[in-house]
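The values are calculated or read from the model by the stated rules, or taken from the named source; none is laboratory data. What you see is a predicted model; the values in this text were computed from it and never measured. Side chains included, ligands, DNA and RNA excluded: accessible areas come from the protein's heavy atoms. Shrake-Rupley method; radii C 1.70, N 1.55, O 1.52, S 1.80 Å.
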Amino acid sequence: MDKVLILDNVLPKSVNKGIITYLTNRCSWGIAKESGATPYDMLMKLKKYAGFSIETINNNEHEFLNTCATIICEKVRESFHITKNPMRYMWNMYYIGHKSLSHVDDERLDSFSIIYNLNDSDGGTQIGDTFYKDVEGQAKIFKSHILHSGIGPKTNSCRFNLNIVLNR
């Protein structure tokens with residue numbers, strides 16, 4: 001698979017809204033970091049505002065988020081006959097002006113990344129040379145070794161997504 005695959009309407013809109021409500025009311029967000037840079041390096045040295053993130057796959061405190069991520073993951077795996085298992089559930093929140101560094105999620109050629117959009121926004125994900133605008137309920141699936149970056153909204157107040165990496 002060398003192209004980006006798209007799967008629409010993975011979860012109902014009411015579930016996406018419930019996830020965003022949980023993320024905004026019950027989670028402690030950290031400053032996002034990329035490519036081995038610490039949050040301090042991102043903000044002070046690189047002067048990049050990559051948004052906020054929270055990783056939940058090994059965190060029993062967020063059973064609701066992990067259950068939702070597992071359902072999204074299994075829908076994608078079933079739809080595209082992917083046999084790899086999840087190694088990361090990373091929830092992301094971007095405000096206007098936030099942009100991650102271009103990065104790879106995993107350098108192994110047999111790893112897959114899933115970007116699942118929880119809401120519509122004019123932000124999105126740059127995968128290789130193509131920009132994919134956020135579409136609520138849509139999953140974008142691609143090889144994890146492809147350079148990509150998250151881009152915050154220009155006019156919408158916030159963008160939320162889930163990044164899943166498959167390789168176990």
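Given the -39500 (n - 2.57) contribution per DSSP H run of 4+ residues, what per-residue ellipticity at 222 nm results for the chain, rounded to the nearest 500 deg cm²/dmol?
-6500 deg cm²/dmol
Give the accessible surface of the chain per residue, rounded to a whole number of Å², with probe radius 1.4 Å and ligands, DNA and RNA excluded.
51 Å²
Using a ≥ b ≥ c from the Cα gyration tensor of segment 1-65 (square roots of the eigenvalues), is it rounded, prolate or oblate, where a/c under 1.5 gives rounded and otherwise the larger of a/b and b/c decides, a/b for prolate?
Oblate, since a/c reaches 1.5 and b/c is not below a/b.
Sort Trp91, Trp29 by accessible area with a 1.4 Å probe, largest first.
Trp29, Trp91
Sort His81, His98 by heavy-atom solvent-accessible area, probe 1.4 angstrom, most to least.
His81, His98
Could you look at segment 1-131 and say what percent of its accessible area is carbon and sulfur, using a 1.4 Å probe and all protein chains?
The C+S portion of the solvent-accessible surface of segment 1-131 is 51 percent.
Enter the accessible area of Glu78 (Å², nearest 10), with the probe set to 1.4 Å and all protein chains included.
We get 130 Å² for Glu78.
Where a Cα-Cα gap under 13 Å defines reach, which aspartates and glutamates qualify for Lys48, not counting those fewer than 8 residues away within the same chain?
Here the aspartates and glutamates satisfying the reach criterion relative to Lys48 are Glu34.
Which entry in (i) 16.2; (ii) 14.1; (iii) 9.1 matches mean projected area of the Cα convex hull in nm² derived from the coordinates of this structure?
Label (iii) holds the value from this structure.
Given contacts defined as C-alpha pairs under 8 Å and at least six residues apart, what's the relative contact order of the chain, whole-number percent? Don't jump to the answer; show the numbers that get you there.
Numbers: 369 pairs, mean separation 50.0, N = 168.
It comes to 30 percent, rounded to a whole number.
Tell me the accessible surface of Ile151 in square angstrom (1.4 angstrom probe, heavy atoms of protein chains only), to the nearest ten.
Solvent-accessible area, nearest 10 Å²: 40 Å².
State, as an integer percentage, the relative contact order of segment 1-86 based on alpha-carbon contacts under 8 Å between residues 6 or more apart.
Normalised by residue count, the contact order of segment 1-86 is 24 percent.
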